[in-house]
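Reviewing the structure listed below.
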Amino acid sequence: MPWRVEVSTVLDTPVERAWDLVRRPKTLVWIASPLLKFKPIDPPAWPEVWPPGRHRAAMSFLGVLPLGRQWVDVSFPDPAPDDGDGARIVRDNGSGDLVKVWDHWIHMRPRPDGRTDYVDRVDVAAGLLTPFIWLFAQLFYRWRQHRWRRLARSGLPSLG
């Protein structure tokens, strides 16, 4: 049975700009750093923008502790009618060597003040490791949102 983590924040940027960034692998690499490092395996280089489908990556903690391979399985589900106008969703229904279920949903909604409501929701399952993976996910998604807020405050520069 998966364990859930849900963390939300407000980004100081319009939803259109946040949406543009969340669809770019370079944003994932920057947002996750330095806690998690991702190296593309299949395809051997990150695309400019995530296409729907499965992408294989090697992961490491702090760039030194190998965590095995992970499937990043990207899709862009349609928002529910009650999500409101302008809502956007990204899903990574991933799995890997260490974690059997890493079902990550990103929900973005425009706010009346021009900023973006941003929610990370992830269900994790890793057998006996599930409690430890869940604790890590608690930390990781708070770190990600800290990095998202920093990226939004800095004027959303190019990530290279």
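The values are calculated or read from the model by the stated rules, or taken from the named source; none is laboratory data. Values in this document were obtained by computation on a predicted structure and should not be read as measured data. Counting neighbours? That spans all protein chains shown, and the Cβs are built from the backbone with ideal geometry, glycine included. We work out accessible area using only protein heavy atoms, side chains counted, and drop any ligands, DNA or RNA first. Shrake-Rupley method; radii C 1.70, N 1.55, O 1.52, S 1.80 Å.
On a full-extension model of 0.36 nm per residue, what is the gain between F61 and L135, subtracting their alpha-carbon distance, rounded to one decimal in nm?
Stretched out fully, the F61 to L135 stretch lengthens by 25.2 nm.
Using +1 at the C-beta of Lys and Arg and -1 at the C-beta of Asp and Glu, which of G53, V64, L135 has the Cα lying farthest in the positive direction of the dipole of the chain?
So the residue furthest toward the plus end is V64.
Given H placed on each backbone N at 1.01 Å, which residues far from W50 in sequence or on other chains put an amide H within less than 5 Å of it?
R24
Binned at 5 Å from 0, what are the whole-percent values of the Cα-Cα distance distribution for the chain, short to long?
Calculated P(r), rounded to whole percents: 2, 9, 17, 23, 22, 16, 8, 3, 0.
What are the ³J(HN,Hα) couplings of region 10-22, residue after residue, when phi is run through the Karplus curve with 6.51, -1.76, 1.60 and θ = phi - 60°? Round to Hz, x for glycine and proline.
Using θ = phi - 60°, the values come out as 10, 9, 7, 7, x, 4, 4, 6, 4, 4, 4, 6, 5 Hz.
Amide H to amide H, which residues 5 or more places from I41 or on other chains are under 5 Å from it, using H placed in the peptide plane?
Close amide H contacts, sequence-distant or interchain: R56, A57, A58.
Taking a probe of 1.4 Å, how large is the accessible area per residue of the chain, in Å²?
Roughly 52 Å² per residue, with all protein chains present.
Averaging over every viewing direction, what projected area does the convex hull of the Cα atoms of region 46-87 cover, in nm²?
4.6
I need the phi-derived Karplus couplings for region 72-77: 6.51 cos²θ - 1.76 cosθ + 1.60, θ = phi - 60°, integer Hz, Gly and Pro marked x.
9, 10, 8, 8, 10, x
Applying the Karplus parametrisation 6.51 cos²θ - 1.76 cosθ + 1.60 with θ = phi - 60° to the phi angles of region 79-95, what ³J(HN,Hα) value in whole Hz is obtained for each residue in order, glycine and proline being reported as x?
x, 6, x, 7, 6, x, 5, x, 5, 9, 9, 10, 10, 10, 8, x, 7
Counting only protein heavy atoms and a 1.4 Å probe, tell me what percentage of region 1-131's accessible area is made up of carbon and sulfur.
58
In region 1-128, if the dipole is taken from +1 on Lys/Arg beta carbons and -1 on Asp/Glu beta carbons about the Cα centre, which of S8, A32, V90 is farthest to the positive end?
About the Cα centre, the residue reaching furthest to the positive side is A32.
Compute the helix-to-body angle for 130-153: its Cα long axis versus the longest principal axis of the chain, expressed 0 to 90° and rounded to tens.
The answer is roughly 40 degrees.
To the nearest 20 Debye, how big is the dipole of the chain about its Cα centre, given +1 on the beta carbon of each Lys and Arg and -1 on that of each Asp and Glu?
In total the dipole reaches around 620 debye.
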